[in-house]
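J.: Please see the structure below; I have some questions.
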Amino acid sequence: MRYVYMMNKEGIDMPVILRLISSCVGISKEAGKIIRDIMYKGELGVIQKGTGGENDPQTEADRQAQKLIISVLTRDFPKLKIVGEEDDIKLEPNLTGNWISEEILSLKPTPELETIKEEELTVWVDPLDGTTEFTWGAVDHVTVLIGVAYKDRPIGGVIHQPFYKAIKGDPNLSAGRTLWAIRGLGYGGFEAKSPPENELIIAGTKSHKSVTTQKALESTGATTLISHSGAGAKAMLVLEGKAHCYLHASPGLKRWDTCAPEAILTEIGGKVTDILGDPYNYAASVHPMCSRGAILAHTPTIHASILSKLPDDVKDIFRNK
Ligand code: AMP
Ligand code: MG
Ligand code: MG
């Protein structure tokens, strides 16, 4: 059962990266189904994760989605390193389902991708990004994020949006959409669009604002500042040309928030770094916190322009983090 999708239709062995992203696409959709079911039943099971009184909720949807994603990945890719957002989630040892994307399995891998070994890959899982908004019913902010790093850099990623059809007013509420990319092979599930010329639209956090985040956003000279929740949701604004850049000048984002967005954005020609212009390391051994904030830009030119405008006193805050 475990190796059913090691071969494509022609019976040729598939490189692990294709099998893995195929699986990530499939299980993100199934996780999205779990998330929708819990929302529509209204049994959210909210608990607070933090001990310091801050609002950091976890719901039954976060728990069940992570349980599914990591149980499947552990079963099918036993040498993989996996980091999930939620702590103490017991895995399901007797899982029998298989969730894959035939589209990904039909791609022709590059020679570089063929050499990758399972033990060189790390998966960063945010089973439900936008939990606070989910508890309010603001489902347009919700995504499932699965990012894959080869050694220390993103090589593939999946952003699944469980409530995509519901947001669009489609009567078929039972469908989301899934955006994916693999380095050097392309992307799918969305149309990469350029942001409007002669404007500068910057997306920033809605729920974790601070004096520094606002100062950074205003320093860009943006013609429009969008306050929006969710790392995945803001990344999609940049991917689809609704924003030039997503800027977060504060700690708080974690690697499971940024790995999948970085993989997809890079594949469409964008650039992602911390506030000082340096890339993040996605090896499993690093602390998950993106303590130097993040710049997710639609192009390297937009990235360079934003980086050059950030005031030194904002950058200085992050130099020793
Ligand atoms: P936001 O843009 O505020 O919706 O945040 C995007 C992601 O980063 C979410 O998963 C948040 O939980 C996380 N995040 C961002 N800033 C913070 C912060 N200051 N404290 C805790 N989590 C944060
Ligand atoms: Mg998140
Ligand atoms: Mg989450």
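What follows draws every value from the coordinates through simple rules; no lab data is involved. Small disclaimer: the values here were computed from a predicted structure and weren't measured. Positions of Cβ are generated from backbone atoms using ideal geometry, with glycine treated the same way; all protein chains shown enter the neighbour counts.
J.: Of the options Val123, Leu107, Leu91, report the single residue whose Cα projects farthest towards the positive end of the charge dipole of the stretch 76-127 (beta-carbon charges: Lys, Arg +1; Asp, Glu -1).
T.: In the stretch 76-127, that residue is Leu107.
J.: Which three semi-axes in whole Å describe the equivalent ellipsoid of the stretch 92-207, each the square root of 5 times a Cα gyration tensor eigenvalue, listed largest first?
T.: 27, 21, 16
J.: Normalised by the number of residues in the stretch 38-139, what is the relative contact order in percent for Cα pairs under 8 Å and 6+ residues apart?
T.: Reported relative contact order: 34 percent.
J.: Moving on to the next point. Determine the dipole magnitude for the chain: charges of +1 sit on the beta-carbon of Lys and Arg, -1 on that of Asp and Glu, nothing else is charged, the reference point is the Cα centre, and the result goes in debye to the nearest 20.
T.: It works out to roughly 40 debye.
J.: Something else now. Are any of the pairs Lys81/Lys315; Lys242/Lys321; Lys29/Lys254; Lys67/Lys234; Lys49/Lys117; Lys206/Lys271 more than 29 Å apart by Cα-Cα distance, and if so, which?
T.: Checking Cα-Cα distances, Lys81/Lys315; Lys242/Lys321; Lys49/Lys117 exceed 29 Å.
J.: Right, here's the next one. May I ask you to list the trypsin sites (Lys or Arg not before Pro) in the stretch 58-130 that are in a DSSP loop and have at most 10 other Cβ atoms within 10 Å of their Cβ?
T.: Hits after loop and neighbour filter: Lys79, Lys90.
J.: Only bridges whose two residues both fall in the chain count here: according to DSSP, what percent of them are antiparallel, nearest 5?
T.: Rounded to the nearest five, the antiparallel share is 75 percent.
J.: Calculate the translational D of the chain in whole µm² s⁻¹ from Stokes-Einstein, where the hydrodynamic radius comes from the Kirkwood formula applied to all Cα pairs, the temperature is 20 °C and the viscosity 1.002 mPa s.
T.: Answer from the Stokes-Einstein relation: 108 µm²/s.
J.: Can you pull the Kirkwood radius for the stretch 135-203, inverse mean 1/r over Cα pairs, to one decimal in Å?
T.: Kirkwood radius, the stretch 135-203: 14.3 Å.
J.: Tell me the label-point distance for the pair Trp136, Ala284, using the 7 Å Cα-to-Cβ offset, in nm and rounded to one decimal.
T.: With each label placed 7 Å out from Cα toward Cβ, I get 3.6 nm.
J.: Now a separate question. Sum up the charges of everything whose Cβ sits under 12 Å from the Cβ of Lys321, counting Lys and Arg as +1 and Asp and Glu as -1, but leave Lys321 out.
T.: After counting each charged neighbour, the total is 0.
J.: Related question: So for the stretch 193-321, Kirkwood radius off the Cα pairs, Stokes-Einstein at 37 °C and 0.692 mPa s: how many µm² s⁻¹?
T.: 231 µm²/s
J.: Could you calculate the contour length gain from Glu43 to Lys209, that is, 0.36 nm times the residue separation minus the distance between their Cα atoms, to one decimal place in nm?
T.: Length gained, Glu43 through Lys209: 56.8 nm.
J.: Given Cα positions, please report Rg to Rh for the stretch 246-285, the hydrodynamic radius being the Kirkwood one.
T.: In the stretch 246-285, Rg relative to Rh is 0.93.
J.: Taking 8 Å as the Cα distance limit and 6 or more residues as the minimum spacing, I'd like the relative contact order of the stretch 79-195 as a percentage.
T.: It comes to 19 percent, rounded to a whole number.
J.: Inverting the mean 1/r over all pairs of different Cα atoms, compute the Kirkwood radius of the stretch 9-136 and quote it in Å.
T.: It is 16.0 Å.
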